[in-house]
Amino acid sequence: MSSTASQPATRAQTGPEAAAWADRLRVANINPRTGLATDYLNHFNEAVMLLEMVPDMPECAEDFLTWTPLSYAEHFTASNFKARDLAIEAYEKAEPSVRAQFDHITDTMTSILSAVGSAMREVEKDTIRVRLAEQATLWVKPLIAACGGIINGGAEADVDTIMAN
C-alpha cells in the first residue's frame with residue numbers, strides 16, 4: 001500500500017486531526033481514503049433492480065419511471081443514513097481528482113437512466129421497453145462497479161475502457 005493510499009480523504013489535514021477524521025469516516029462507513037460512501041450506489045442499484053424486473057414483468061417499467069436522479073448531496077440529504085451530514089462534508093473535502101472521476105461516472109449513469117426513462121415514456125410497446133431496460137442494465141452495471149472501485153480507493157478501475165464501451 002502506498003503512502004497516499006493510507007492517507008485520509010482531506011487534503012489539508014495531517015497528524016492527530018487526520019487520524020480522528022479518518023476514524024469518524026470509518027465508523028460512519030465512509031471510506032477514509034476517498035471520502036466517499038458506497039451508500040450512494042444504492043440509488044443506482046435501485047434503478048437497475050427495477051430495470052432487471054422489466055423483461056419478466058413489463059409493468060415494472062412504470063416503477064422504474066418513478067426513479068428520480070439525485071446528486072450525492074441530494075441522496076444523503078433525503079436518506080436515513082446516520083452520518084449523512086458527514087458523508088456530504090467528506091465528499092466536499094475529497095481529493096478533487098477522485099471526486100471528478102466519481103462524478104463523471106455517476107453523471108454518465110444518471111444520463112443513461114434519464115434517457116432510458118424518457119424513451120420508455122414515449123413508447124407503448126412492452127417489447128421495446130424490455131429492450132431499453134436490458135440495454136440500460138448492460139451499460140449501468142459496469143459503471144456501478146467502477147464507482148465502487150473509486151469509492152473503495154481501488155486502481156482507476158479501467159474507467160477509460162468502461163466509458164469507451
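Search the stretch 67-78 for residues being hydroxyl-bearing (S, T, Y) and not in a helix (DSSP H, G or I), and hand back the single one that is surrounded by the fewest Cβ atoms within 10 Å (Cβ to Cβ).
Just the residues of the stretch 67-78 that are hydroxyl-bearing (S, T, Y), to begin with: 68, 71-72, 77.
In the following step, the residues that additionally are not in a helix (DSSP H, G or I) were identified as 68, 71.
On the way: T68: 12, S71: 16.
For the stretch 67-78, the residue satisfying everything is T68.
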request  = For the stretch 128-143, indicate whether the set of residues that are among the hydroxyl-bearing types (S, T, Y), more than 11 Å from the chain's Cα centre (by Cα), over 19 Å from D56 (Cα atoms) and modelled with pLDDT of 95 or more is non-empty.
outcome  = no
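Return the only residue of A19, A47 being small (G, A, S) and either farther than 21 Å from I150 by Cβ or not in a helix (DSSP H, G or I) (or both). Explain how you work it out, then say what you get.
Working: A47 fails: either farther than 21 Å from I150 by Cβ or not in a helix (DSSP H, G or I) (or both).
Every option except A19 fails the conditions.
Of all the residues that make up the stretch 88-107, how many are out of contact with any helix residue (DSSP H, G or I) (no Cβ under 9 Å at 6 or more places or on another chain) and exposed (fewer than 15 other Cβ atoms within 10 Å of the Cβ)?
Residues of the stretch 88-107 out of contact with any helix residue (DSSP H, G or I) (no Cβ under 9 Å at 6 or more places or on another chain): 89, 95-97, 100, 107.
Checking which are exposed (fewer than 15 other Cβ atoms within 10 Å of the Cβ) leaves us with 96-97, 100, 107.
The qualifying residues number 4.
Look at F81 and say whether it is in a helix (DSSP H, G or I), hydrophobic (A, V, I, L, M, F, W, C) and farther than 15 Å from A136 by Cβ.
Judged against the criteria, F81 is not a match.
Looking at the stretch 150-163, which of the residues that are modelled with pLDDT under 95 and in a helix (DSSP H, G or I) is surrounded by the fewest Cβ atoms within 10 Å (Cβ to Cβ)?
Taking the stretch 150-163 and keeping what is modelled with pLDDT under 95, we get 152-163.
Now restrict to residues that are in a helix (DSSP H, G or I): 159-163.
Details: V159: 20, D160: 8, T161: 10, I162: 16, M163: 13.
Selected residue: D160.
Hey, among the residues in the stretch 50-66 that are of a type in the set (A, V, I, L, M), more than 18 Å from the chain's Cα centre (by Cα) and outside any loop (DSSP other than H, G, I, E, B), which one's modelled with the lowest pLDDT?
Applying the first criterion (of a type in the set (A, V, I, L, M)) to the stretch 50-66 yields 50-51, 53-54, 57, 61, 65.
So of that shortlist, the ones also more than 18 Å from the chain's Cα centre (by Cα) come out as 53-54, 57, 61, 65.
Add one more test, that the residue is outside any loop (DSSP other than H, G, I, E, B), and what stays is 53, 61.
Numbers: M53: 97, A61: 94.
In this case the residue turns out to be A61.
The values are calculated or read from the model by the stated rules, or taken from the named source; none is laboratory data. In this text the structure is predicted, and so the values were computed from the model without any measurement. Cβ atoms come from the backbone with ideal geometry, glycine included; neighbour counts cover every protein chain shown.
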